[in-house]
Amino acid sequence: MRIRDKVKKPQRPVVAYEILPPREKDGTLNSYAETISSLLSQTHIDAVNIPEVHDEIGRGDRPVTNQKRGEPREFGMLLQDIVGIEAIINRVVVHEPYEEQMRWIEETNTTYEIENMIIVGGESSKVDYPGPTVNEMLQSIAKRSNSNGGDIFCGGIAIPSRKDESKNLIRKSEHGSEFFTTQVLYDAENIIKMIKNYQSRCNELDTFPRRILLSFAPVSSQKNIEFLKWLGVEIPDDTERYLKGRPGSMTDRSLDVAVEVLNEILDFITVNNLKVPVGLNVEHIMSYNFQSSVEMLQELARIYREFCIKTQQYS
C-alpha cells in the first residue's frame, strides 16, 4: 500500500523517519543508503522524509556549520530504487520564481519518480521572497500538474506555537495539502491546543481533518539544543533544564520527554474523542544521533501503534 493510501486511512498507523541527504564529503549517496537499510532492519517505517534546510537571515548565525549535501530528490530516488521505501521530499518554494519552482516540482515527479512532497514556505511573512507562497504552489500543483497527468501527493508543515495555526491548516488543506508534519515537539501544550482548535474548525466547516505527523528527535548535547532553537523549535525552560540535568544523560532524558509528550497528546485525543488522525515522524538532527533516534523511533512507534489498535474514534 502506498504511503498516500495509508495517510488517508485514519485508523492506519503511519510512521516516517526523517533524514538529511549525506554531506558531500561523507561519500556517495549509495553508501548512505546503507544507513537506511540498517534502520529498516531494526524497525518498520512507512516512508523516509527528506528535509531541505535553508539559512534564513532572520534566524541569526547558524550554530552548526552548514555542509554542502546531496540533492534531496536524488537521495529520495535512490532510496526508492535501492532500499525500496517511498520518499517524501520537502521543498522550500519561496526562494525561486514560480515557473522555476513548477519546473522543479514537475521534474521531480516525472524524472525522479517522487510522488510525495511537503511544500514549505519562508521563515517570515514579513520577508519579500521572490517565489510563490505555499498555498499558491499547492493550488498550482493540483490544477496545473495533477490535472494534466501529474501524480503528486502534497503535505505541509504545522507549527503548533504559531497563532491561529489551525486556520492555516484549513487553508492549506483547501489548496491541496493532504497531511502535515509538525516541528520537533518538546512540549504538549501548543500541539494539543492546535489539534483541538483544528478539530473545532473542521467540525464547523463540515470537513474531515488531515493527518498530522508528530515530530520528535533525540538531543545529546547543548549544540543540538542550540541548533533546534535556530530552526525555530520551542523548548520550554523547564524542559531544557531537565535535559541538561547531569552529564551523560541528555539522550535518555530526551527520550523521556518525547514519551511523555506523545502520551499526553494521545491521551488528550482519546479523552476528548477527537477525529484528527495523527502519525509519527522521528528524526536524528545530527548524524551521530542516528542510533539514539532509532531507539526513540522504536519506543514511540510501540506506544503509537498500541494507540492505533485501541482507539475507537477513527472507525
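The values are calculated or read from the model by the stated rules, or taken from the named source; none is laboratory data. Since this is a predicted model, take the numbers as computed values, not measurements. In this analysis, Cβ positions are derived from the backbone assuming ideal geometry, glycine residues included, and neighbour counts consider all displayed protein chains. When the accessible area is computed, the model is the full protein with side chains, heavy atoms only, and any ligands, DNA or RNA have been set aside. Shrake-Rupley method; radii C 1.70, N 1.55, O 1.52, S 1.80 Å.
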Using the Cα gyration tensor of the range 114-265, with a ≥ b ≥ c the square roots of its eigenvalues, what is the shape: rounded (a/c below 1.5), prolate (a/b larger than b/c) or oblate (neither)? prolate
Please report, in cubic angstrom per residue, the volume enclosed by the convex hull of the alpha-carbon atoms of the chain. 135
Please list, or write none, the aspartates and glutamates whose alpha carbon is within less than 20 Å of the alpha carbon of Lys196, excluding same-chain residues fewer than 8 places away. Asp164, Glu165, Glu174, Glu178, Asp187, Glu204, Asp206, Glu234, Glu260, Glu264, Asp267
What is the range 127-181 by shape, rounded, prolate or oblate, if you read a ≥ b ≥ c off the alpha carbon gyration tensor as root eigenvalues and call it rounded for a/c under 1.5, prolate for a/b larger than b/c, and oblate otherwise? oblate
If every Lys and Arg gets +1 and every Asp and Glu gets -1 at its Cβ, then about the Cα centre the range 77-145 yields a dipole, in debye to the nearest 20, of 220
Going down the table (Lys9/Lys244; Lys6/Lys172; Lys223/Lys275; Lys8/Lys163; Lys126/Lys275), which pairs top 31 Å between alpha carbons? Lys9/Lys244; Lys223/Lys275; Lys126/Lys275
Counting DSSP beta bridges with both partners in the chain, what percentage is antiparallel, nearest 5? 5
Solvent-accessible ranking of Tyr288, Tyr186, largest area first, probe 1.4 Å: Tyr288, Tyr186
Accessible-area ranking of Asp128, Asp46, largest first, probe 1.4 Å: Asp128, Asp46
Running a GNM on the chain with Cα contacts under 10 Å, which residue among Ile19, Ile36, Ile157 ends up with the highest mean-square fluctuation? Ile36
Taking the alpha-carbon centre of each part, the distance from the range 176-242 to the range 71-121 in Å is 24
